[in-house]
Amino acid sequence: MKNLLIKSAIASGVVLSLATVSRPVMAASFAVSIENAGVQNAQLSNLVNANVQTFDAQTQGYSATGFQWNNGATNIGSYQNTLVMNAEQYGGAGGTDKYFDVDTNRSGNGQKVSTLNLTTPQSYFGLWWSAGDASNVLTFLSQGQVVYTMTTADVVNYIAKLPNKDSYYGNPNSAFLNQDKGEPFAFINFYDVGGTFDQVQFTNIGGTGFESDNHTVASSYKSITGNIVTQAVPESSSLLGVFAIGFVGAASVMIRQVKKKSVLQLS
């Protein structure tokens, strides 16, 4: 009986120790959603400390050094290896001004990846994804480690299953209404559940472009809104915690049963 009690106590202690280990950066979980067709902005009332980059004040064309993202005297972050385009059928929220692009051909510099470095960690990112295709990739990092990667093929496949899928296709702005009808346009939300990120990478695979606008970041959010494309999954550390609680509970019952049996034997 003594050996059983010792083994149970040791096992319980080990599991509890594992459960209290800080979750690694790699354990981040994201929920991804899209707004209704035609929406080109984030739901700012749902966000805390939100900032929006419209690219309208940026110089048109390619820049290896990129530019700083400032809100007054506050530095939100910086973009590197950027391509800014004037509004056309492929991009430009509202059908005016400028938009952000990652395009090997248009840049003239073999641009495949553009990076947003954030001054402070954020838990929300959103963008108006225009002239979308399945070859765009968003990668979120924290302290140099990848915490989440999504290929826009997931969004394309999700939209394809919607009863109103046609309403997402074609430019929704009056200046270019229904142009580029073969590609989807949607505002995508990325919610980091229980974690943060400090860098976003925009990658375009192949010869197409990765057009977007109204990049939005927020330190936190009130709820997960929009039409859910990808559900957040429980983190490994959370699952371990649940396992630990169950294991310790079972061990406690076992110990009580052994003690009870011993008392009965003594009586």
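Annotations for the structure displayed:
- Of the residues making up the range 154-188, those that are more than 19 Å from A87 (Cβ to Cβ) and either assigned to a strand (DSSP E or B) or within 15 Å of the chain's Cα centre (by Cα) (or both) are D154, V155, I188.
- Count of residues meeting criterion [over 16 Å from D198 (Cα atoms), touching a strand residue (DSSP E or B) at 6+ places or on another chain (Cβ under 8 Å) and surrounded by fewer than 16 Cβ atoms within 10 Å (Cβ to Cβ)] in the range 107-129: 3
- None of L162, L141 is open to solvent by 30 Å² or more (accessible area, probe 1.4 Å) and of a type in the set (A, V, I, L, M) except L162.
- Strands (runs of 3 or more DSSP E) contained in the range 50-128 and holding at least 2 residues within 24 Å of F190 (Cβ to Cβ) and at pLDDT 95 or above: 51-53, 67-71, 74-80, 82-86, 98-101, 113-122
- Residue match in the range 116-137 (condition: of a type in the set (V, I, T) and touching a Phe, Trp or Tyr at 6+ places or on another chain (Cβ under 7 Å)): no
- Per the listing S33, S45, the residue uniquely closer than 30 Å to N157 by Cα, part of a helix (DSSP H, G or I) and at pLDDT 95 or above is S45.
The values are calculated or read from the model by the stated rules, or taken from the named source; none is laboratory data. Only a predicted model underlies this, so the values are computations on that prediction, with no experimental measurement involved. Cβ coordinates were reconstructed from backbone atoms using ideal geometry, including for glycine residues, and neighbour counts include every protein chain displayed. Only protein heavy atoms, including side chains, enter the accessible area calculation; ligands, DNA and RNA are left aside. Shrake-Rupley method; radii C 1.70, N 1.55, O 1.52, S 1.80 Å.
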